[in-house]
Amino acid sequence: MLDRTFTPAEANSALGEVRPAAERLVELRERMRELESSQGRSVIAIGGNGGGHAAGDLDAAQSELASLAGAAAAIVEHFGSLGVVVKDLDVGLVDFPARRHGEPVQLCWHVGEDSVAYWHGYDEGFAGRKPVDWGEEGDRK
């Protein structure tokens, strides 16, 4: 069963805290992808003629990657403590466990959206998103 459920109003209220953290997650993942790509190019260059790259460059990138991964993990852990489920770090997609007419569902939001305005069943995922079509009454049954 669900540990915490949100009404649509509660999920939207939580965006004050969730939005900046989700935006930070997206930034962290973007930087991580840049570093991973750069590392790949450096490994190829070092394996060839060096291409002006040093093993120290790889160590620095690896250290930064570890730091970024730790920061991302801390945000995900914080979301968990709020009852929010992270679905996709790259786009800042999160779900808020909820109940719609007594049935467990997920309120769905991602970075760039103004509000929590969509929901989907647990087995539907993002592709099954539908507009929130219920009020606050009876959401906790």
Task: Estimated distance in nm for a label pair at residue 27 and residue 129, the labels positioned 7 Å out from Cα along Cα-to-Cβ - done: 2.3
Open item on the list: Suppose each label sits 7 Å from its Cα in the direction of the beta carbon; what would the residue 74-residue 90 distance come out to in nanometres?
Closed with: 2.6
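Which GluC sites (Glu not before Pro) does the range 71-141 hold that lie in a coil by DSSP with at most 15 other beta carbons within 10 Å? Kindly include the intermediate steps, with their values, before the conclusion.
Details: sites: 77, 113, 124, 136, 137; in loops: 113, 124, 136, 137.
For GluC sites (Glu not before Pro) across the range 71-141 that sit outside H, G, I, E and B with at most 15 neighbouring Cβ atoms in 10 Å, the list reads 113, 124, 136, 137.
Read-outs throughout are calculated quantities, based only on the coordinates presented, and are distinct from any laboratory measurement. A quick note: this is a predicted structure, and the numbers were derived from the prediction, not measured. Ideal geometry is used to build each Cβ from the backbone, glycine not excepted, and the neighbour counts take in all protein chains shown.
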